[in-house]
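Notes to accompany the following structure.
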Amino acid sequence: MRGFKLKDYKIYHLPYYFFLYSFIGWCIETVYMSVKTGVFVNRGFLYGPFCPIYGVGALILILLLTPIKKSLGLFFLGSIIITTVLEYTTALVLESTLNSVLWDYSDEFLNIQGRICLKFSLVWGIISVLILYILHPHIQQIVIHIPLSYNRIIPCLVMLYFLIDFTASAAIASGIDARLTSVNILLNSNTGEFQPQINLMEDVANKLSALFQNICFNYILKIYRTLII
């Protein structure tokens with residue numbers, strides 16, 4: 001406990017960790033499923049290349065298990081418990097609120113309702129150890145050296161992006177997109193009168209999305225150049 005300093009994790013650092021580990025999680029999931037199926041699989045619930053469950057999991061591990069990091073065995077056991085509870089909770093929430101099933105372990109040994117299983121609980125424990133012991137120290141050094149002026153806007157942009165992406169993804173998962181498509185088909189089948197307006201709205205939405213992503217990436221690029229110069 002003596003080596004742990006909570007001040008090393010300022011509140012404006014947390015969105016960076018959430019963003020980065022959500023992206024890393026998406027990479028892990030996408031590579032795994034693409035190799036397994038033989039075709040590219042864009043994993044995740046969101047439109048963007050992010051799996052928020054990894055971001056949330058990483059934050060919990062960083063804040064709760066850093067005090068016991070010197071004990072590898074205890075850390076490994078704690079990470080298994082935390083990630084397994086998080087995975088089960090996430091699956092339950094997605095199924096009950098959005099009727100969405102992103103994984104099913106029903107065929108795996110020692111699974112509970114297909115939501116968690118022994119095999120992947122051990123896998124998450126190993127991944128947690130690799131990330132927190134090997135990867136995170138390097139990421140932490142980069143994050144804590146980001147100029148304070150950037151911390152006033154980037155965390156807000158990151159959270160705003162996730163809010164927009166999650167809202168859009170949840171709306172589609174709830175069937176709203178299907179209803180809008182049906183209305184669009186109905187309008188087209190009648191007179192096609194509103195098609196130009198619909199096309200214009202879609203074009204504006206795509207441009208706004210591209211603009212927002214460019215803003216985020218430009219800020220990240222600016223920070224990177226500042227750090228390496």
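The values are calculated or read from the model by the stated rules, or taken from the named source; none is laboratory data. Just so it is clear, the structure is predicted and the values come from calculations on it, not from any experiment. Cβ: placed from backbone, ideal geometry, glycine included. Neighbour counts: every protein chain shown.
Would you call I139 modelled with pLDDT under 95, in a helix (DSSP H, G or I) and not basic (K, R)?
The answer is yes for I139.
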Quick one: S96 ticks every box in (1) surrounded by 13 or more Cβ atoms within 10 Å (Cβ to Cβ); (2) closer than 24 Å to Y47 by Cα bar one, so which box is it?
(1)
Mind telling me which of the residues G55, G48 ends up being surrounded by 14 or more Cβ atoms within 10 Å (Cβ to Cβ), out of contact with any strand residue (DSSP E or B) (no Cβ under 9 Å at 6 or more places or on another chain) and free of Cβ contacts under 8 Å to residues at least 40 places away in the same chain?
G55
Only one of T66, T90 is buried (at least 18 other Cβ atoms within 10 Å of the Cβ), in contact with a helix residue (DSSP H, G or I) (Cβ under 6 Å, 6 or more places away or on another chain), touching a residue at least 12 places away in the same chain (Cβ under 8 Å) and not charged (D, E, K, R); which?
T90
How many of the residues in region 116-136 are crowded, with 16+ Cβ neighbours inside 10 Å and in a helix (DSSP H, G or I)?
10
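Just to check your reading of the model, which residue among F23, F76, F18 is closer than 18 Å to S169 by Cα and touching a helix residue (DSSP H, G or I) at 6+ places or on another chain (Cβ under 9 Å)?
Answer to the check: F23.
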What single numbered condition from (1) modelled with pLDDT under 90; (2) in the same structural domain as H13 (by TED's automatic domain parsing); (3) crowded, with 16+ Cβ neighbours inside 10 Å; (4) of a type in the set (G, A, S) fails to hold for S169?
(2)
Scan region 124-160 residue by residue and report those that are among the polar types (S, T, N, Q) and over 20 Å from I60 (Cβ atoms).
Q141, S149, N151
Mind checking which pairs have a first residue in region 160-171 that is free of Cβ contacts under 8 Å to residues at least 40 places away in the same chain and a second that is assigned to a helix (DSSP H, G or I), Cβ under 7 Å, 6 or more apart or different chains?
A171/D177
